[in-house]
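Read through the structure below, which is laid out as structure tokens, and then see the notes.
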Amino acid sequence: MYKYIIITLAFLLLIFACWYNEPAYVQRNTCKIENLVDNPEALEKAIRNMGSGYNYTISPDGTLRVNKGDGVWLILKY
């Protein structure tokens with residue numbers, strides 16, 4: 001009988017520790033690339049043509065921007 005109580009308390013303590021250690025500022029993002037871009041294949045083609053060594057961002061309006069390392073964000077057309 002005491003084994004079940006100890007196991008249950010340990011399980012509840014583990015769940016509480018996982019919940020407590022997750023940062024409050026982290027929010028799950030359910031937005032997918034398909035929600036921002038009409039043609040994901042064209043987007044992938046533009047990234048492949050530019051190269052994979054750069055930083056890319058997609059704005060909520062669907063604009064693809066690339067940073068080539070000099071601090072200037074360029075707009076890519078796809």
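The fewest-to-most ranking of 50, 1 by surrounding Cβ atoms within 10 Å reads 1, 50. Note on the chain: with charges restricted to the Cβ of Lys and Arg (+1) and Asp and Glu (-1), its dipole about the Cα centre is near 160 debye. When each of the peptides 21-32, 2-13 is scored by the mean number of other C-beta atoms lying within 10 Å of its residues, the order from highest to lowest reads 2-13, 21-32. Here is the P(r) of the chain: all C-alpha pair distances, binned every 5 Å from 0, give 3, 12, 15, 13, 9, 8, 6, 7, 7, 6, 6, 4, 2, 0 in whole percents. Across the options 75, 35, 52, the greatest Cα extent toward the positive end of the charge dipole of the chain (unit charges at beta carbon of Lys, Arg, Asp, Glu) belongs to 52. I'd like the orientation of helix 2-21 relative to the chain: the angle between its Cα long axis and the longest Cα principal axis, in ° from 0 to 90, rounded to 10. So the helix axis and the longest Cα principal axis differ by about 30 degrees.
Coordinate-derived values only; no laboratory data. Predicted model only: the values in this text are computed from it and were never measured. Every residue, glycine as well, gets a Cβ built from its backbone with ideal geometry; the counts of neighbours run over all protein chains shown.
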